[in-house]
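Values quoted throughout were computed directly from the atomic coordinates according to the rules given, and no laboratory measurement underlies them. Predicted model, so just to flag it, every value in this text is computed and none were measured. Note that each Cβ is placed from the backbone with ideal geometry, even for glycine, and that neighbours are counted across all protein chains shown.
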Amino acid sequence: MAFLKPLDKNLHPDLAEDFAIFEEILGFVPNSLLTMQRRPDIVRGFGVLTKAVMAEDGEVDLGFKRLLAHFASRAAGCQYCEAHSLVAAKIHGISDEKLEAIWDYQTSNLYTEAERVALDYALAAGSVPNAVDQPLMDRMAQHWSDDQIVEILGAICLYGFLNRWNDSMATELEDVPTAMGEKILKQGGWSGKRHQP
């Protein structure tokens with residue numbers, strides 16, 4: 001059960017444009033934002049950051065940014081965000097086959113070497129304590145430009161905020177991401193329950 005109940009999405013009509021950002025990303029307004037709207041400026045600020053990090057004119061594929069978010073969330077143990085990020089990845093062009101091979105990203109021919117190292121980077125950056133080291137950065141530099149690395153880390157850090165938010169609030173998972181988790185993540189031990197310390 002969530003520690004704070006999500007509020008109705010129509011409570012603050014002035015947040016409609018901000019909520020629309022996330023409806024486009026996920027197909028619905030997530031419970032995290034419905035809880036967050038108790039402080040409307042946090043929703044607005046998070047919307048601005050999300051638009052900057054997930055900008056369509058970036059150099060890193062939007063669907064892949066969502067996979068990065070998934071791996072960062074996996075490292076943090078936020079099952080809510082693990083499922084949400086895969087829903088967003090699918091909406092933004094990642095194939096079902098690639099999603100279904102997510103547990104085998106290191107060996108699957110559906111993932112490139114550049115993607116593998118970036119996903120390793122997301123796991124390392126999402127860990128506490130942080131596990132990014134010089135050898136990993138050297139591997140990243142073999143495949144990604146400095147600008148792309150900044151974009152990649154932006155996606156990881158965006159979800160770092162959400163990981164803390166949703167685990168601390170015990171945010172209830174919605175039906176669409178629950179179904180994604182059951183289909184793809186359950187085989188890796190995902191239960192859809194709040195991360196337990």
> Out of Leu86, Leu99, which single residue is more than 22 Å from Arg194 (Cβ to Cβ), in a helix (DSSP H, G or I) and touching a residue at least 12 places away in the same chain (Cβ under 8 Å)?
Replying inline: Leu99
> Across segment 55-79, what is the number of residues that are touching a Lys or Arg at 6+ places or on another chain (Cβ under 9 Å), within 20 Å of Glu113 (Cα to Cα) and surrounded by 24 or more Cβ atoms within 10 Å (Cβ to Cβ)?
Replying inline: 2
> If you go through segment 6-35 one residue at a time, how many are assigned to a loop (DSSP other than H, G, I, E, B) and in contact with a helix residue (DSSP H, G or I) (Cβ under 7 Å, 6 or more places away or on another chain)?
Replying inline: 8
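Kindly establish whether Gly181 is within 27 Å of Leu33 (Cβ to Cβ), in a helix (DSSP H, G or I) and in contact with a Leu (Cβ under 8 Å, 6 or more places away or on another chain). Please lay out each step first, then the result.
Working: within 27 Å of Leu33 (Cβ to Cβ): yes; in a helix (DSSP H, G or I): yes; in contact with a Leu (Cβ under 8 Å, 6 or more places away or on another chain): yes.
For Gly181, the condition - within 27 Å of Leu33 (Cβ to Cβ), in a helix (DSSP H, G or I) and in contact with a Leu (Cβ under 8 Å, 6 or more places away or on another chain) - is met.
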>> One residue is enough: does segment 17-33 have a residue meeting the conditions loosely packed, with under 13 Cβ neighbours inside 10 Å, over 21 Å from Thr171 (Cβ atoms) and without any contact (Cβ under 8 Å) to a residue 60 or more places away in the chain?
In response: yes
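Given the residues Ala20, Ala72, which is the only one that is touching a Phe, Trp or Tyr at 6+ places or on another chain (Cβ under 6 Å) and aliphatic (A, V, I, L, M)?
Details: Ala20 fails: touching a Phe, Trp or Tyr at 6+ places or on another chain (Cβ under 6 Å).
Ala72 is the lone residue from the list that is touching a Phe, Trp or Tyr at 6+ places or on another chain (Cβ under 6 Å) and aliphatic (A, V, I, L, M).
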